[in-house]
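In what follows, a structure is listed as structure tokens, so that the remarks can point back to it.
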Amino acid sequence: MVKKFKNKTLSWLDYRLPVFSVLREALVDHPTPRNLNYWWNFGSLAGITLIIMIVSGLLLSMHYVAHVDLAFDSVEHIMRDVNYGWLIRYIHSVGASMFFLIVYIHISRGLYYGSYKYPREVLWWLGIIIFLLMIATAFLGYTLPWGQMSFWGATVITNLFSAIPLVGDNIVTWLWGGFSVDNPTLNRFYSLHFLLPFIIVAVVFLHIVALHKFGSNNPIGIDLTSKKEKIPFHPYYTIKDFFGFGVFFIIFGVFVFFMPNTLGHPDNYIPADPLVTPEHIVPEWYFLPFYAILRAIPFKLLGVLAMLSSIFILFLLPWLDTSKVRSCRFRPIYKQFYWIFIFNFIVLGWVGSKVPEGHYLIISRISTAYYFLHFLFILPILGFFEKTSPLPLNIFENSKVKKS
Amino acid sequence: MAAVGSAFAIWPFIDSMNPSADVLALGSKEVDLNDIDKGSTKTIKWRGKPVFIKHRTDEEISQAREVNLENLKDPQKDEDRVIKPEWLVVVGVCSHLGCIPLGQKETDVKGDFNGWFCPCHGSHYDSSGRVRKGPAPKNLEIPKYKFVDKNKIKIG
């Protein structure tokens, strides 16, 4: 028996249940590129946020009642009566926004440094699956307080399924468990909102397994061949990740304590009324770009398909991007298009918050078209025409170039 | 074979999410029409959704019947949408994404066709509840109903 640990009991246990050596491999020894910048902090930030969401959500579930007559009041009960209930609820609602912010930055990092390219395609896919699960979880969770935006958001989004030909209406009735969004709907949404985060945990686990197979990509995007280019995860990146947590908690705290409702919609403090539609239904800010795509298209089914395609197209990204060079640092032309794409995405979010009329509608159509143009036209041809800068042989050569 | 068997075995699980017996039992409702004056409307709640009952004036009826069917997105004769011409009964849910159109109150915007207007994405309905403008693909749905006596209907 090889002694992997100094502690005898630990060695004995690990010989029979090797989780400790696996954890040590992943969190301590794991060789990590030495040139990772702060954009690589957002993976661990997403991880800590997921844990915060699960813990705060579990505590909320101990006081929340999933019933149409009681849900709204039980949320107010949490806010006013439960010890620190206001804090836990604000952590959970602001945490959802923070989670999306972090994940959007994490995805943008992947796009900039080409982290989706060979051999990390499956790692990328798993990330998109996590993103899709997050969207579902956030939507289900937003329904639970049973305010006006909860109710009408749930109505509009479930009605998207009615766009399916022939069986659409049956599917919607099945999703609702009734003839409108009502008590059975609230009950099952609560059940699924509780389940999905644990499925996210499982997929995150696979995401990390896939990550550790080839290791992290890095800012210069070349494959690292020599051992000297890597350093052990602990203490170098544990300390860097913890530093990131500290910065993040400050920002998180500012929102939780000083502006907890800034990112939400005031109409959700009006109890749900199935007979009155709010004048202007908008989703939470993190769904606005996709909402804009949905509304940009005047045909119901096509609008729904465009919205879904805008996310599913990411699965094909490793093949739509034909360039062999990963990092934007060596792709002068793609770098410009990258920033145009990010700007365009923010524009989509902005028009998503406006009433789809007049020039807002025109802007949303142009932006939607550009979104797909980026993936289906610009990326594929760029790989053939772009003259990339010479790649360094290793990390050290690159840093020398930078200094001189 | 195993796949077919599994499919049958899964059905009860899937069907358990469909409307339950008590939800289905709420399926019908009787409404007295005596208190709805000519030219006014009433909203009642049926299966969790609003139902608009409109006591139409002669002018509204003739407006609805004079329309050229070729101009309609979802062509349907007004005669096929009512049992008695003065009573229009429609489910008040926009066929686009399920919002509730305005037009039930005196002060509401009634849209360009003297019926209803959906504020969410701008669909206009006429005095027969047919979509005339906007993203909605279909007319307002007519629930199953019948006259139990001269001034009373049973919906569902």
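The values are calculated or read from the model by the stated rules, or taken from the named source; none is laboratory data. Because the structure is a prediction, the values reported are computed rather than measured. Every residue, glycine as well, gets a Cβ built from its backbone with ideal geometry; the counts of neighbours run over all protein chains shown. Side chains included, ligands, DNA and RNA excluded: accessible areas come from the protein's heavy atoms. Shrake-Rupley method; radii C 1.70, N 1.55, O 1.52, S 1.80 Å.
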Filter result (open to solvent by 60 Å² or more (accessible area, probe 1.4 Å), in contact (Cβ under 8 Å) with a residue 40 or more places away in the chain and part of a loop (DSSP other than H, G, I, E, B)) within region A:210-230: A:225
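Of everything in region A:382-395, what is open to solvent by less than 90 Å² (accessible area, probe 1.4 Å) and either closer than 17 Å to residue A:111 by Cα or in a loop (DSSP other than H, G, I, E, B) (or both)? Give them in sequence order.
If the condition is that a residue be open to solvent by less than 90 Å² (accessible area, probe 1.4 Å) and either closer than 17 Å to residue A:111 by Cα or in a loop (DSSP other than H, G, I, E, B) (or both), then A:382, A:383, A:386, A:388, A:389, A:391, A:392, A:394 are the ones that fit.
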Give A:245, A:252, A:290 a once-over and let me know the one that is within 29 Å of residue A:155 (Cα to Cα), touching a residue at least 60 places away in the same chain (Cβ under 8 Å) and hydrophobic (A, V, I, L, M, F, W, C). A:290
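Within the group A:235, A:184, which residue is modelled with pLDDT of 95 or more, within 14 Å of another protein chain (Cβ to nearest Cβ) and in a helix (DSSP H, G or I)?
After ruling out the rest, the residue left standing is A:184.
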Could you grab me the full set of residues in region A:258-287 that are away from chain B (no Cβ under 13 Å), in contact (Cβ under 8 Å) with a residue 60 or more places away in the chain and of a type in the set (Val, Ile, Thr)? A:270
Take residue A:135 and decide whether it is in a helix (DSSP H, G or I), open to solvent by 50 Å² or more (accessible area, probe 1.4 Å) and of a type in the set (A, V, I, L, M, F, W, C). no
From (1) within 14 Å of another protein chain (Cβ to nearest Cβ); (2) in contact with a Leu (Cβ under 9 Å, 6 or more places away or on another chain), pick out the condition that doesn't hold for residue A:116. (1)
Among the residues of region A:43-50, is any polar (S, T, N, Q), crowded, with 21+ Cβ neighbours inside 10 Å and under 14 Å from residue A:252 (Cβ atoms)? yes
Residue, surrounded by the most Cβ atoms within 10 Å (Cβ to Cβ), within region A:247-293, restricted to residues that are under 23 Å from the mean Cα position of the chain (by Cα) and modelled with pLDDT under 90: A:281
Does residue B:60 count as of a type outside the set (Lys, Arg) and buried (at least 16 other Cβ atoms within 10 Å of the Cβ)? yes
Filtering region A:294-307 down to residues that are closer than 24 Å to residue A:264 by Cα and open to solvent by 20 Å² or more (accessible area, probe 1.4 Å), which residue is farthest from the other protein chains (Cβ to nearest Cβ)? A:307
Could you check region A:113-123 and list, in sequence order, the residues that are in a helix (DSSP H, G or I) and open to solvent by less than 30 Å² (accessible area, probe 1.4 Å)? A:123
So is residue B:113 more than 12 Å from the chain's Cα centre (by Cα), surrounded by fewer than 18 Cβ atoms within 10 Å (Cβ to Cβ) and among the aromatic types (Phe, Trp, Tyr) or not? no
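Take the residues of region A:51-99 that are of a type in the set (Phe, Trp, Tyr) and buried (at least 17 other Cβ atoms within 10 Å of the Cβ): which is nearest to the chain's Cα centre (by Cα)? Walk me through it before giving the result.
First, the residues of region A:51-99 that are of a type in the set (Phe, Trp, Tyr): A:64, A:72, A:84, A:86, A:90, A:99.
Restricting the remaining residues to those that are buried (at least 17 other Cβ atoms within 10 Å of the Cβ) gives A:64, A:72, A:90, A:99.
Working: A:64: 26, A:72: 27, A:90: 19, A:99: 7 Å.
Checked region A:51-99; the qualifying residue nearest to the chain's Cα centre (by Cα) is A:99.
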Give B:113, B:117, B:147 a once-over and let me know the one that is more than 14 Å from every other protein chain (Cβ to nearest Cβ) and without any contact (Cβ under 8 Å) to a residue 60 or more places away in the chain. B:113
Taking region A:1-50, which residues are among the polar types (S, T, N, Q) and within 25 Å of the chain's Cα centre (by Cα)? A:32, A:35, A:37, A:41, A:44, A:49
Checking residue A:169 against (1) open to solvent by 20 Å² or more (accessible area, probe 1.4 Å); (2) at pLDDT 95 or above: exactly one of these is not met. Which one? (2)
Grab the helices (runs of 4 or more DSSP H) fully contained in region B:1-101, keeping just those with 1 or more residues being within 14 Å of chain A (Cβ to nearest Cβ) and within 20 Å of the chain's Cα centre (by Cα). B:21-25
Per the filter on region A:328-363, residues open to solvent by 40 Å² or more (accessible area, probe 1.4 Å), at pLDDT below 95 and under 21 Å from the mean Cα position of the chain (by Cα) are A:353
Considering residues that are modelled with pLDDT under 85 and more than 18 Å from residue B:93 (Cα to Cα), the number found within region B:26-38 is 1
Would you please name the residue that is most open to solvent (accessible area, probe 1.4 Å), looking only at residues in region A:4-15 that are charged (D, E, K, R) and closer than 23 Å to residue A:212 by Cβ? A:4
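Kindly check whether there is at least one residue in region A:138-157 that is within 11 Å of chain B (Cβ to nearest Cβ) and open to solvent by 50 Å² or more (accessible area, probe 1.4 Å).
So in region A:138-157, the residues within 11 Å of chain B (Cβ to nearest Cβ) come out as A:151-157.
Checking the rest, the ones that are also open to solvent by 50 Å² or more (accessible area, probe 1.4 Å) come to A:157.
Yes; the residues of region A:138-157 include at least one that is within 11 Å of chain B (Cβ to nearest Cβ) and open to solvent by 50 Å² or more (accessible area, probe 1.4 Å).
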Which one of B:69, B:26 is touching a Pro at 6+ places or on another chain (Cβ under 6 Å), free of Cβ contacts under 8 Å to residues at least 24 places away in the same chain and open to solvent by 30 Å² or more (accessible area, probe 1.4 Å)? B:69
